[in-house]
Amino acid sequence: MLRIDPRTSEAVSAYVAGWAVSREAPSPTRVEFGWHVATGQAHESERYVPVRGSVDDVRGIADGLRTPLACLKFAGRYDDWRPHFGTEWEDNPVGWFMTRELRAAPQVTVTDRVRVRRTGALITAEVRGDGDVIATGRTGLAGDWCVPDRVRTANAHRRRGFGRAIMDALLTAAYDCGVRHAVLDASQDGRALYAVTGWTTLAPQFGLTRSPSSPDAA
């Protein structure tokens, strides 16, 4: 029977915790088979992330998510899992859970203009030039894991290494806080970029959102 790979449980659990810190969302609540986040955003009402269970278990979770724009995300291949869910669920873009071990503090690249700030479990990084924001990023800390998130470079400054400088600054700051593992959710294009900088693909990320027009939505 189709099941969520239990080998992904630790990293995906860390991802949920660090992601919630990064997005300044409510703390995840442990629930049957995984985690629930009451995101309460305009585009996402709640998020359920199972980290274990069979296809029947996950379908049971989905059946209980009746709120419009409820989101279901977990480690799994689209082609394996999508046939088990109906048209009341809309596809999310396919992502990839990727991990990296921080065995030594990364060296910040390209620029010494990266400014890093830590507020509790949230670390942010920014590069400015001539008063404008060139690149930004953030990472949420979750135990000995961190979750780099929203690493972005302004269009006029892309392909100049600023994104990597932000990532290296975030990982260096996380390492200095005792973190030794990192996990993120990469897009298809991002996966290729991260792969050449030491990240390893853990598993595809499968995501669905309950349609706001679903007839059985609460």
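The values are calculated or read from the model by the stated rules, or taken from the named source; none is laboratory data. All values reported here derive from a predicted model rather than from experimental measurement. Note that we place each Cβ from the backbone using ideal geometry, even for glycine, and neighbour counts take in every protein chain shown.
For the range 57-90, what are the residues that are of a type outside the set (A, V, I, L, M, F, W, C), touching a helix residue (DSSP H, G or I) at 6+ places or on another chain (Cβ under 7 Å) and either closer than 21 Å to His43 by Cβ or touching a residue at least 40 places away in the same chain (Cβ under 8 Å) (or both)?
Hit for the range 57-90 is His84, nothing else.
Suppose we filter the range 1-27 for residues that are among the small types (Gly, Ala, Ser) and under 9 Å from Val147 (Cα atoms); how many remain?
4
Within the range 156-179, can one find any residue that is polar (S, T, N, Q) and in a loop (DSSP other than H, G, I, E, B)?
No, the range 156-179 has no match at all.
Restricting attention to the range 155-190, which residues are among the basic types (Lys, Arg) and within 30 Å of Arg77 (Cβ to Cβ)?
Arg164, Arg180
If you scan the range 155-184, which residues turn out to be crowded, with 20+ Cβ neighbours inside 10 Å and under 30 Å from Ala42 (Cα atoms)?
Within the range 155-184, Gly163, Ile166, Met167, Leu170, Ala182, Val183, Leu184 meet the criteria.
Given the criterion small (Gly, Ala, Ser) and buried (at least 19 other Cβ atoms within 10 Å of the Cβ), identify the matching residue among Ala62, Ala42.
Ala62
For the range 9-28, enumerate the residues that are closer than 23 Å to His84 by Cα and surrounded by fewer than 22 Cβ atoms within 10 Å (Cβ to Cβ).
Ser9
Name the residue, out of Val31, Val51, Val55, that is modelled with pLDDT of 95 or more, on the phi < 0 side of the Ramachandran plot, β-branched (Val, Ile, Thr) and crowded, with 19+ Cβ neighbours inside 10 Å.
Val51 is the lone residue from the list that is modelled with pLDDT of 95 or more, on the phi < 0 side of the Ramachandran plot, β-branched (Val, Ile, Thr) and crowded, with 19+ Cβ neighbours inside 10 Å.
Can you pull out the residues in the range 182-207 that are in a loop (DSSP other than H, G, I, E, B) and of a type in the set (S, T, N, Q)?
If the condition is that a residue be in a loop (DSSP other than H, G, I, E, B) and of a type in the set (S, T, N, Q), then Ser187, Thr197 are the ones that fit.
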